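Visitor: Below is the structure I would like to discuss, written out as structure tokens.
The values are calculated or read from the model by the stated rules, or taken from the named source; none is laboratory data. Please read all numbers here as calculations on a predicted model, not as lab measurements. Virtual Cβ from ideal backbone geometry, glycine too; neighbours counted across all protein chains shown. These accessible areas exclude ligands, DNA and RNA; they are computed on the full protein's heavy atoms, side chains included. Shrake-Rupley method; radii C 1.70, N 1.55, O 1.52, S 1.80 Å.
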Amino acid sequence: MKPKIRGLRWWIIAVVMIGTSLNYLTRSTLGVAAPTVLADLNIGEREYGLITAAFQLGIMLQPVAGYVLDLIGLRVGLAAFATAWAVITMGHGLAAGWHSLLALRAALGFAEGTAHPGGLKVVSQWFPARERGFAGGIYNIGASVGSMVAPPLVAAAILFWNWRAAFFIVGAMAAVWVVLWLTVYRSPAEHPRITDEEREQIISGREAHLTDRERRPLSKLLRERNVWGLALPRFLADPTWGTLTFWLPLYLTTTRGFDLKQIAMFAWLPFVAADLGCMAGPATAAWLNRRGIGLINARRCAFTIGAVMMICMIFVPQVQSPYAAIALLCVGGFAHQMLSVTCITMATDLFPQNEVGTVSGLAGTFANLGVLLFSLAIGGLVATIGYDPFFIALSLLDLVAAAVLWTVIRPPVSQETAEPLPLEKPL
């Protein structure tokens, strides 16, 4: 009999973080390699915009991915989807033109749509309410880590071999994680190495409104105002992450004059700042919650602080020094992840475990719709109007998102000191 592991939930979320890192590493590889790939395959910015849009169209099917995870379970579901994204990523190395890249990106988007629904389901299953914010922050660090590792790793692969090798390497890394996941993961009810004390801590720490509720059909969830209270802010906020992931290397190359070595040296820095933001959001919400502010309101306050900090993005194209621009982008990366992880985690506060995957998938669809539309706009207009209007838009969208979060979300009674509207009141 294998020995029990104390604090097993933190080891579980660490494995999820590694998986999220590889998810974002695989999706970020093309962004870093874009200057080289576009030149080698004779692809223009307009076609590149369509290629990035194809990824967003694929990942907009997150409700399907989330529903599959709710239906067949996390262990098998995530293993299957992660295997798919590993194989598809390696397929990028065989691309012969923009049409094949577009098809591969669409398939990769669908396969990778399980990242947030899967991570949130792990958080909802393995953590009591008071720890969910930090657990969500830890696994979301993976998004920043993957995007942070991409510039030096991909640039090194291109310099030593070629851009095709970069896709083979990161795809193989994702395949290795599948083995780790299948080896480590079980639900708390089934895991042979969880202690009785930890299992009881998890169960007793769940809110009453999140337990013993029958899973509602999608048609009913779509009438739930809290679904839209999460989906609309993500629609407005996520274009920032799409811009950093897919367009930052091209911006630094075409506008700031960076070469591949400089991209490897500096393009990862905003993602380091984003790592800190992943923990700053939950820490701020927890600090406010300990001082008597309800959990949902505490999270909304943390989101609003991040939205105010995002105003710095308006100055990115205005500064003369490229290093000052990088510094401002670092503040933007910190602020975005501070508010993003806060919004994403709220799904576990508002919905039961058997609905978290579907709800987070719906919110993810709107998040990626925002990235899709923004990316198409950049691809179609940047050659004529430049990047300035897009940085201005990024600085303002999150303020609108904060207003939506405050006006649409209705907290459950158990989490607020005031008397809010019932959780299931429709929009």
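Visitor: When the accessible area of the chain is computed with all protein chains present and a 1.4 Å probe, what percentage of it is carbon and sulfur?
Guide: Values: 10920 of 15930 Å².
Roughly 69 percent, rounded to a whole number.
Visitor: Using the C-alpha gyration tensor of the range 42-190, what are the square roots of 5 times its eigenvalues, in whole angstrom, with the largest one first? Intermediate results must be reported in sequence, preceding the final value.
Guide: Details: eigenvalues 175, 59, 43 Å².
One finds semi-axes of 30, 17, 15 Å for the range 42-190.
Visitor: On to the next question. Pairs K2/K121; K2/K220; K4/K121: which exceed 32 Å Cα-Cα? Write out the running numbers ahead of the final one.
Guide: On the way: K2/K121 26 Å; K2/K220 44 Å; K4/K121 23 Å.
Pairs exceeding 32 Å: K2/K220.
Visitor: For the chain, with the dipole built from +1 on Lys and Arg beta-carbon atoms and -1 on Asp and Glu ones, taken about the Cα centre, which of A367, G292, V184 lies farthest toward the positive end?
Guide: V184
Visitor: Just report the Cα centroid separation between the range 112-175 and the range 305-375, whole Å.
Guide: What the calculation gives is 16 Å, centre to centre.
Visitor: Give the relative contact order (percent, whole number) for the range 309-377; include only Cα pairs under 8 Å separated by 6+ residues.
Guide: Computed over the range 309-377, the figure is 22 percent.
Visitor: Using a basic spin-label model with each label point 7 Å from the Cα along Cα→Cβ, how many nm lie between S219 and T384?
Guide: 4.4 nm
Visitor: Counting only Cα atoms, I'd like the Rg/Rh figure for the range 115-240, Kirkwood definition for Rh.
Guide: Numbers: Rg = 19.3 Å, Rh = 18.2 Å.
Rg divided by Rh gives 1.06.
Visitor: Quote the relative contact order of the chain in percent (integer), defining contacts as alpha-carbon pairs under 8 Å separated by 6+ residues. Could you put the intermediate results ahead of the total?
Guide: Details: 778 pairs, mean separation 115.5, N = 427.
Relative contact order for the chain comes out at 27 percent.
Visitor: Send over a whole-number figure in Å² for the accessible area per residue of the chain, probe 1.4 Å. Each step should come with its number before you reach the end.
Guide: On the way: 15930 Å² over 427 residues.
For the chain, the solvent-accessible area averages 37 Å² per residue.
Visitor: Using a 10 Å cut-off on Cβ atoms, rank the peptides 51-57, 197-203, 101-107 from the highest mean neighbour count down. Could you put the intermediate results ahead of the total?
Guide: On the way: 51-57: 24.1, 197-203: 14.4, 101-107: 21.1.
Packing order, densest peptide first, comes out as 51-57, 101-107, 197-203.
Visitor: What do you get for chymotrypsin sites (Phe, Trp or Tyr not before Pro) in the range 118-166 restricted to DSSP loop and a cutoff of at most 14 other Cβ within 10 Å of the site's Cβ?
Guide: Counting only loop positions with at most 14 other Cβ atoms within 10 Å, the chymotrypsin sites (Phe, Trp or Tyr not before Pro) in the range 118-166 are W161.
Visitor: Still on this structure, I have one more. Over the range 242-333, what is the relative contact order in whole percent, taking alpha-carbon pairs under 8 Å and six or more residues apart? If you can, show how the numbers build up before the last one.
Guide: Working: 65 pairs, mean separation 28.8, N = 92.
This gives 31 percent for the range 242-333.
Visitor: Given the rule -39500 (n - 2.57) for each run of at least 4 DSSP H residues, summed and divided by the residues of the chain, what is its mean residue ellipticity at 222 nm, to the nearest 500 deg cm²/dmol? Mind dumping the intermediate values first?
Guide: Details: 19 runs with 324 residues, N = 427.
It lands at -25500 deg cm²/dmol.
Visitor: Here's something else I'd like to know. Would you please state which residues of the range 305-333 a label at V272 would reach in this model, taking the label point 7 Å out along Cα→Cβ and a backbone N cut-off of under 16 Å?
Guide: 323-333
Visitor: Would you calculate the separation in nanometres between label points at V179 and D259, each defined as 7 Å from the Cα along the Cα-to-beta-carbon direction?
Guide: 3.9 nm
Visitor: Under the √(5λ) rule applied to the eigenvalues of the Cα gyration tensor, what semi-axes describe the equivalent ellipsoid of the range 62-113? Give them in Å, descending.
Guide: Details: eigenvalues 123, 26, 4 Å².
The three semi-axes for the range 62-113 are 25, 11, 4 Å.
Visitor: Oh, and also: Only four residue types carry charge here, +1 at the Cβ of Lys and Arg and -1 at the Cβ of Asp and Glu. Report the dipole size of the chain about the Cα centre in Debye, rounded to the nearest 20.
Guide: Values: 31 positive and 25 negative charges, 111 e Å.
The dipole magnitude comes to about 540 debye.
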